[in-house]
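Report on the following structure.
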Amino acid sequence: MGIEHNQWRGIGLDRQVQPASSNPVIVNGEMLAMWRGENGPVRVWEDRCPHRGMRLSFGFVRGDSLRCIYHGWAYRTDGQCVEIPAHPDLTPPKTICAASYPAETRYGIVWTNLERAAPSPLPDLGPEDGWEPVRSLYVNGSAAQVEAAIEAFDFGAPSMVRLKHANAIALGIGVELELLIALQPVADNRIGLHVVARGASTPETRASLARRLQRLRTEIEMAQEKK
Ligand code: FES
């Protein structure tokens, strides 16, 4: 596996992944299921049931197990199949296991790495406290176009790039506000942005930031249309 493969990428905002839900996510064309039990952290799995390949993001959660919607096989949080409804007396063999990816929640963002066997550690992007979710949005554009547009964008006060690392950009805006934007490559020309802020303590400030991000998306996509 190449260096490109072994990278952490933000794929969603932790607070937006509801308890007892399973959600589809695409990273570089790989279909993933991002799911959370009734309690506990978000898990990231291959979006494929080991039985007959149904998408696990269509599944449903009971307690801390994810059940496939097709034949109801249940997988506990480590991926092991623990129940096959058509054979209630059978203990599923250990070999029946959903494929999982490394997943971590930090800065209010869910991160994953497509390298399963030996992922590098999730990079340190600074202090973890005080980050509030702003929004996720998806933009038509390449990673390079999106990054350049973020760096040039008018966030309403002088902004400065503080850090570019782990497919994320940290910006200081004015004297009090910090933004952390994780970039999720969905496909060559489609990027997810997962944005958290520090210093945006009121809902109004975060709502204003969310509107500006909407404008950022419009600017990126209009610039592409002109080409
Ligand atoms: S395809 Fe998932 S249980 Fe059959």
Selected residue (only one of Leu137, Leu171, Leu183, Leu177 is under 20 Å from Thr205 (Cα atoms) and touching a helix residue (DSSP H, G or I) at 6+ places or on another chain (Cβ under 7 Å)): Leu137
Unmet criterion (only one of (1) open to solvent by 70 Å² or more (accessible area, probe 1.4 Å); (2) more than 14 Å from the ligand (Cβ to nearest atom); (3) under 29 Å from Ala143 (Cα atoms)) for His5: (1)
Residue ID - least open to solvent (accessible area, probe 1.4 Å), chosen from residues in the stretch 8-28 that are part of a loop (DSSP other than H, G, I, E, B) and at pLDDT 95 or above: Val17
Test for Val186: is it among the hydrophobic types (A, V, I, L, M, F, W, C), open to solvent by 10 Å² or more (accessible area, probe 1.4 Å) and modelled with pLDDT of 95 or more: yes
Options Ile84, Ile96, Ile109: the member that is open to solvent by less than 50 Å² (accessible area, probe 1.4 Å) and more than 16 Å from the ligand (Cβ to nearest atom): Ile109
Any pair with Cβ under 9 angstrom, 6 or more apart, that starts in the stretch 117-134 at a residue that is open to solvent by 50 Å² or more (accessible area, probe 1.4 Å) and ends at one that is assigned to a strand (DSSP E or B) and modelled with pLDDT under 90: Asp124/His165
Residue ID - nearest to the ligand (Cβ to nearest atom), chosen from residues in the stretch 46-67 that are closer than 12 Å to Cys97 by Cα and of a type in the set (D, E, K, R): Arg48
Residue tally, condition more than 23 Å from Arg15 (Cβ to Cβ) and not hydrophobic (A, V, I, L, M, F, W, C), over the stretch 173-189: 3
Where a residue in the stretch 46-73 is basic (Lys, Arg) and its partner, wherever it lies, is open to solvent by 50 Å² or more (accessible area, probe 1.4 Å) and within 6 Å of the ligand (Cβ to nearest atom), with Cβ under 8 Å and at least six apart: Arg48/Met54; Arg52/Tyr70; Arg52/His71
Residue among Gly172, Gly141, Gly156 that alone is out of contact with any Cys (no Cβ under 9 Å at 6 or more places or on another chain), touching a residue at least 40 places away in the same chain (Cβ under 8 Å) and buried (at least 16 other Cβ atoms within 10 Å of the Cβ): Gly141
In the stretch 37-67, residue nearest to the chain's Cα centre (by Cα) [restricted to those that are among the charged types (D, E, K, R) and outside any loop (DSSP other than H, G, I, E, B)]: Arg43
Complete set of residues in the stretch 68-93 that are acidic (Asp, Glu) and not in a loop (DSSP other than H, G, I, E, B): Glu83
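The values are calculated or read from the model by the stated rules, or taken from the named source; none is laboratory data. These figures come from a predicted structure and were not determined experimentally. All Cβ positions, even for glycine, are placed from backbone atoms using ideal geometry, and neighbour counts span all protein chains on display. SASA here: full protein model, heavy atoms, side chains in, ligands and nucleic acids out. Shrake-Rupley method; radii C 1.70, N 1.55, O 1.52, S 1.80 Å.
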